[in-house]
Amino acid sequence: MTMNVPKDILEEYAELIEQIEHHAKMYYVLDRPEVSDAEYDRLFDRLLELEKQYPELETPASPSQRVGAGPLPEFSTVLHRIRMLSLQKVTTREEFADFDRRVREGLGTDDDIEYVIEPKLDGLAVELVYEAGVLMVGSTRGDGSRGESITPNLKTIRSIPLRLSEDTSMLYPLLEVRGEVIMRKSDFQKLNQRMEESGAQPFANPRNAAAGSLRQLNSYITAQRALVFYAYNVAATNLPELDDHYTTVQFLKSEGFLINEHVKLVRGIDEVEKEFARLEQARPDLDYEIDGMVVKVNSFREQERLGEIARAPRWAVAWKFPAEEVETIVEDIIFSVGRTGVVTPVAKLQPVRVAGVTVSNASLHNEDEIRELDIRVGDHVIIRRAGDVIPQVVSVIKEKRTGGEHTITMPQTCPSCGSQTVRPEGEAAWRCINVACPAQIVERIYHFASKDAMDIDGLGGRIAGQLFENNLVHDPADLYTITKEQLLPLDLMGDKRAGNLIDAIAESKKRQLPNILVALGIFGIGENAAQLISTRFETIDAIMAASVDDLITIDGIGPTMAQSVVDFFAKDQNRTMIDKMKKAGVAFPPYRVERKSSVFDDKTFVITGTLSKPRDHFKKLIENAGGKTAGSVSAKTDYVLAGEKAGSKLDKAKKLGIEIIDEDQFLKLLE
């Protein structure tokens, strides 16, 4: 209510908002500032002063919401009204031509298709929900159906309008805008410099920095980060006056949203290919990371006719750039020891930028790879980041050898503890078999704290090493006995960081049984196997008592994995560690998956062909719904889930008269 606010104050307040929004748009969206920073700050300070004097003035659309709000205990879940789809990917002209052919066949035309092309930004997809023109909810993409509410954090981003124009508010009472939050390269460098100066761990790349900044529970921190939002779509395709994607993008631009400068309307495959080549050439000079180009059918009517398959539209595709390759020099080859004792050769490289990241190390995996590459210290090599993530050595430029290079041999003793290393028959890896090896202990502690395991935020490899070196932690269970006072003397460990780590360790006591199994580091037992074992046995005590015969009754757990579990719990030191965890308060809650009966119960599925996601994804969906999967088609098969390019299994299913379903039919069956 603003009944008690003087009329002149109301008028001044409305004028301030109008001026601030105008100048913010000119600066952050159009890059044409009209006033100095000092003048903008003066207007903003006056706004805050009035809201402090008259609290009833403040609304969700006030520019003051950009400075951040108080800390949240956790993020709530938001259900997307219309699913946020992922994109199918292509990597060659031939694959894109195949996509174009499918589009034309789906529309029943031989004419060139009108497409909109735009850079594939390497950031975090979000949705903004405007009700009556006011930004009410902002959320992450999540799994496509539901995401996390990060509204206070998104409101701090200056290129996101807090309210829309009056005409738009009337025309579209509900408008869901989608786009990407990124951090520019230049701002990323400044942020990392500040973090290093303060002793904090720098971010690996701009995308991680953007995601980490958006997922702060305290939006005051987000407000200090230079984040940018590029709008690229609206959720619905049946809005008045918006008949196609390109018109929609221009509408968003007119409403004050930042639209990427490389968005273009083109026609036909040849024009798309030209734009792809142009964008690939421009990529190194852009102040933001991109990893390809998104191509969308422009017409909304045509989009609706084409529809979607599983969680990806048939009317859009991401054309990914080839992995960037650069030349550098191998300065040394060192050997690291993992938590299972595997000794891994690592090439120390002359630092070089690859796909936006400075790379100085590349794993060589094992002795066989060293021999296959014939790699030597001093070699000139070609490296790339596989999937723009993992650095790998592609080849050696042997023509540049001078004779000064020297070959590498695997160490016969462990580089960490000096124990003898062995290469078991049938394996490619050399191992240190000393379970008390310091490097293995540190890696086990680090793995225990990782996200898919106990998810102890703030416990990275460096901290794990310091905890061991200072005799604070000798096995993961010791984490639950350390105190804040013991942490404070460690390097770069201030009072706040130490307190946060103690809180994160305490919080990890509540983790579910599958997370605990992953955390224990049982050889061969990853996230999927841990889920299967937990679902079958339900408690840690039952798992510890299980035999190999018990374990192999689980579909998906073979003899090798079963023996690994039995061997792990047969060791006294591992049982002692479990007891220490229990005494320290780790809950080990029973894991019971309540599932209603479904049409999947006791049905056997065979999965074949290329699907929108890895087969393990569909296998897990089937098993969670009560079904089973098999590797071959037989008379006992109930359904064949067939993707593109399905082969002999599909032919056999047709001969046997087995029901064949595609992804769309599968998902409807699942629902």
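The values are calculated or read from the model by the stated rules, or taken from the named source; none is laboratory data. Predicted model, so just to flag it, every value in this text is computed and none were measured. Methodologically, a virtual Cβ is constructed for each residue, glycine included, from the backbone with ideal geometry; neighbour enumeration extends over all protein chains shown.
Data table
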| quantity | calculated |
| --- | --- |
| Residue check, PHE588 closer than 30 Å to ALA545 by Cβ and not assigned by TED's automatic domain parsing to the domain that holds ALA530 | yes |
| Elements of type helices (runs of 4 or more DSSP H) in the stretch 153-264, at least 3 residues being outside the structural domain of SER360 (by TED's automatic domain parsing), without any contact (Cβ under 8 Å) to a residue 60 or more places away in the chain and not aromatic (Phe, Trp, Tyr) | 166-171, 185-197, 206-214, 245-254 |
| Residue within the stretch 320-330 that is surrounded by fewer than 17 Cβ atoms within 10 Å (Cβ to Cβ), polar (S, T, N, Q) and touching a residue at least 40 places away in the same chain (Cβ under 8 Å) present | no |
| Residue list for the stretch 334-367, filter: touching a helix residue (DSSP H, G or I) at 6+ places or on another chain (Cβ under 8 Å) and touching a residue at least 40 places away in the same chain (Cβ under 8 Å) | SER336, VAL337, GLY338, ARG339, THR340, GLY341, PRO345, GLY356 |
| Condition met for GLU405 (outside the structural domain of PHE468 (by TED's automatic domain parsing), touching a residue at least 24 places away in the same chain (Cβ under 8 Å) and acidic (Asp, Glu)) | yes |
| Qualifying residues in the stretch 47-73 (those that are under 15 Å from ILE150 (Cβ atoms) and either modelled with pLDDT of 80 or more or out of contact with any Asp or Glu (no Cβ under 9 Å at 6 or more places or on another chain) (or both)) - the one surrounded by the fewest Cβ atoms within 10 Å (Cβ to Cβ) | PRO73 |
| Considering residues of the stretch 239-268 that are touching a strand residue (DSSP E or B) at 6+ places or on another chain (Cβ under 9 Å) and of a type in the set (Val, Ile, Thr) only, the residue nearest to LYS155 (Cα to Cα) | ILE259 |
| Subset of the stretch 350-376 that is of a type in the set (Val, Ile, Thr) and under 23 Å from ASP122 (Cα atoms) - its residue that is modelled with the lowest pLDDT | VAL357 |
| Subset tally (residues that are assigned to a helix (DSSP H, G or I) and free of Cβ contacts under 8 Å to residues at least 60 places away in the same chain) for the stretch 74-94 | 1 |
| Extreme residue, modelled with the lowest pLDDT, among residues of the stretch 386-409 that are surrounded by 15 or more Cβ atoms within 10 Å (Cβ to Cβ) and assigned to a loop (DSSP other than H, G, I, E, B) | ASP388 |
| Selection from the stretch 333-385 of residues that are on the phi > 0 side of the Ramachandran plot and crowded, with 20+ Cβ neighbours inside 10 Å | GLY341, ALA355, GLY356 |
| Listing of helices (runs of 4 or more DSSP H) fully contained in the stretch 447-564 that carry 3 or more residues being touching a residue at least 40 places away in the same chain (Cβ under 8 Å) and closer than 22 Å to SER336 by Cβ | 513-520 |
| Some residue of the stretch 212-235 being at pLDDT below 85, polar (S, T, N, Q) and surrounded by fewer than 18 Cβ atoms within 10 Å (Cβ to Cβ) | yes |
| So VAL272, is it in a helix (DSSP H, G or I), assigned by TED's automatic domain parsing to the domain that holds VAL103, crowded, with 19+ Cβ neighbours inside 10 Å and at pLDDT 95 or above | yes |
